[in-house]
Amino acid sequence: MANEIKAKITQLTSLPTIPLVITKLIVIMKKENPSIDEFVDVIKHDQSITSKIVSIANSPFFGYPGRINSLEQAVLMLGFDLIKSISLSVSRFTIFPIPYVTLKKMWSHSFKVADLSSFLYRKITGKNSCICFLSGLLHDIGRAILLNIKSSDHSADILHELYKLKADELLKSETEIFQCNHTEAGKWFLEKLFFPEEIVAPIYYHHYYDRFLGYNIPYKDIVQSIYLAEGLIDFIKPDSLNDGQWTENHLALLKENNIFESDLKEIKEGFLTTIDTANNFFD
Ligand SMILES: [Fe+2]
Ligand SMILES: [Fe+2]
């Protein structure tokens with residue numbers, strides 16, 4: 001049964017997005033001189049279109065399979081015309097089995113994790129955070145995949161109930177319903193589309209970082225930034241749609257990375273601005 005689900009997931013080549021994003025892209029395209037920056041600014045809020053663009057840039061056809069690891073790199077390589085066509089090709093009509101309001105919250109959550117995790121990554125490592133942003137944006141792509149291949153044996157109510165769960169409880173329920181959880185679904189989907197390991201590994205480990213302390217897991221800095229971002233969002237906004245859970249392990253990990261109470265105040269203020277930006281976009 002698990003093999004059957006894996007086969008279904010690896011046959012997918014793209015995921016539908018939410019109509020709101022397509023509407024925004026069409027408005028930009030109708031302008032006399034649409035700018036690529038404006039276009040990318042919309043795309044970077046959307047896990048489905050971004051994953052399609054980066055997967056095409058990584059396809060063997062362009063000669064760099066497994067080497068394009070940021071949206072910026074993919075956009076430079078493919079050019080505006082191709083980016084426009086790819087974005088519209090993702091706009092196929094699909095009815096997801098959960099309310100639209102919940103879908104928007106799910107998309108918004110992915111953007112918030114991308115933004116906060118890349119901030120933390122920069123603060124901890126001092127490095128450019130484009131790769132972390134992309135991995136953060138796609139960290140829950142497995143949830144959209146599971147909805148797309150939803151089991152016909154389960155009603156919309158049961159699927160909707162999943163959105164109230166967090167961390168281990170969520171992973172356990174997903175496995176009962178789909179025979180795999182969203183971290184596995186995301187990994188299988190992106191690997192088949194030639195995504196580089198620095199994007200896929202953090203998606204696979206984002207709920208488990210604390211269980212691998214002391215182990216040599218790949219791309220540890222990115223994994224811990226996404227793990228911390230999810231925990232912090234739960235800490236700052238516990239009632240938001242968020243599948244991470246704040247624990248003592250998050251606090252210990254922050255201290256280990258020299259992030260203390262005073263920094264948390266600054267992080268919280270910055271994140272509240274991100275929430276406003278995301279709310280403006282998704283409302
Ligand atoms: Fe998750
Ligand atoms: Fe998440």
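Structure values in brief
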read-out: Among the listed pairs LYS123/LYS192; LYS52/LYS127; LYS30/LYS104; LYS8/LYS52, those beyond 28 Å (Cα-Cα); value: LYS123/LYS192
read-out: Positive-end extreme of charge dipole, segment 100-282 - chosen from LEU146, ILE267, HIS206 (charges on Cβ); value: ILE267
read-out: Relative contact order %, segment 15-89, counting alpha carbon pairs below 8 Å whose residues are six or more apart; value: 28
read-out: The chain, relative contact order [Cα under 8 Å, separation at least 6], %; value: 21
read-out: Within segment 183-198, backbone nitrogen closer than 15 Å to the virtual label 7 Å beyond the Cα of THR125 toward Cβ; value: 196-198
read-out: Alpha-carbon centroid distance for the pair segment 11-55 / segment 117-172, whole angstrom; value: 19
read-out: Global geometry of segment 15-89, whether rounded, prolate or oblate, following the gyration tensor of its Cα atoms and the 1.5 cut on a/c; value: prolate
read-out: Computed FRET value (nearest 0.05) for PHE260 with LYS192, which takes r as the C-beta separation and R₀ as 45 Å; value: 0.60
read-out: Where labels lie 7 Å past Cα in the beta-carbon direction, separation of PHE61 and ASN249 in nm; value: 4.1
read-out: Taking SER51, SER262, SER155 and counting other C-beta atoms within 10 Å, the order from fewest to most; value: SER262, SER155, SER51
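Any read-out appearing in this document is the output of simple, stated calculations on the displayed coordinates, not a laboratory observation. Here the structure is a predicted model, which means the values were calculated and not measured. Counting neighbours? That spans all protein chains shown, and the Cβs are built from the backbone with ideal geometry, glycine included.
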